[in-house]
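Everything on this sheet refers to the single structure shown next.
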Amino acid sequence: MGHIVKISILGCGSVSRTHISRLSALPEGEAEVVGLCDTLRERADDLRRHVNRFRNLAPEPLGQDAVFSDYGSMLERVKADAIVICTPHALHYDNVIKALSQGIHVLVEKPMALGSKEAGNMVSKAEEMKRILAVGYQRHCQPEYLHARHILLSKKLGDVHFIAAWLAQNLFAAGRWYLDPKFSGGGQIKASGTHLIDCILWMTDSEPVRVKALMDRCGEEVDIYSCLTVELSNGAIANIAISGGAPGLTTAVQEEVRVWCSKGALFIMNEGLYIQGPDGDITRLEAGKLPEVSPNIDVNFIRAIEGKEECLSPGIWGLRATKLEEMAYGDAGSPIPSKLKR
């Protein structure tokens, strides 16, 4: 049996359970959870009991010595190879730099950072320490997005010309700290809109050149609605609409991405990938029937550490998305308008 990757979790709220669920897809003997930290110790202890349900992640049940309320103490006392960071956005930079400085591989939740300078420093630190820095952009493992990226970069549809994409979610159902700029660093753009922003840059392997932005806070302290028009480094133009005011008290996300090229188009929607050829005919490819590169972003992170897979969501994509977000906020100005009412 090879080396078992020992993992710690920082931030034990609801998203940490999603990461545990993803890690549970690993066979026994690949990874083991060894430390859990949250400022609310009882929350970390609750996650400990959850982890103990998975024998492949906790071959020996975790005890109280694996639970911490102080990050520094966990770094000092737990010998981990990797860490999954699920803290509020504003804490990511400090949390990531501390882990990388200890020689620990990092998977950080999105958004990677609040600003491009921080994101750039994080990428540089990972390179300096020769450690993997991955960002929690799970669409990088979803077959329909991966296949779309392959098609676009292979130029099978010619050059990318125009992109229209939208995302809708109820940000008010996501938790109050998402609406507090001291912790979130922004509203729906930073909460889930960053997924859409990343997808466009990643699938086209491009960077933002120019951004025009309209936003509204809808009576809150952070952006709820945003419309972004972006010029990309490949010459394409993208139109991105992001809503944090979707109806229903659920955090479920709806989204759609449409890309028009010089010789056709592709659309990602309804859990399928639609390809339109130059003759106008459309073919639907079901996501479940497309080849899968890795089960999910957490499994990919562990297998990248083991040298078995390429890291599918490295820090450079977090940096590029952060740059676009920063440009959008800069163009919208401060304070962001609040003309709409709930």
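A few points about this structure:
- Positive dipole terminus of the chain, leading residue within GLY307, LEU201, SER8 (C-beta point charges): LEU201
- Sequence ranges 17-28, 314-325, 89-100, ranked by mean other-Cβ count within 10 angstrom, highest first: 314-325, 89-100, 17-28
- Assuming charge only on the beta carbon of Lys and Arg (+1) and of Asp and Glu (-1), the dipole of the chain about its Cα centre is about 260 debye to the nearest 20.
- Violating pairs (Cα-Cα greater than 19 angstrom) within the set LYS110/LYS190; LYS190/LYS323; LYS110/LYS289: LYS110/LYS289
- Sorted by Cβ neighbour density within 10 Å, fewest at the top, the residues SER124, SER206: SER124, SER206
- Taking the DSSP beta bridges with both ends in the chain, the antiparallel portion is around 60 percent.
- Max mean-square fluctuation residue, GNM over the chain, Cα-Cα springs under 10 Å, options TRP166, TRP202, TRP177: TRP177
Only the coordinates and a few stated rules stand behind these numbers; no lab work does. Everything numeric here is computed off the predicted structure, so don't read it as measured data. Methodologically, a virtual Cβ is constructed for each residue, glycine included, from the backbone with ideal geometry; neighbour enumeration extends over all protein chains shown.
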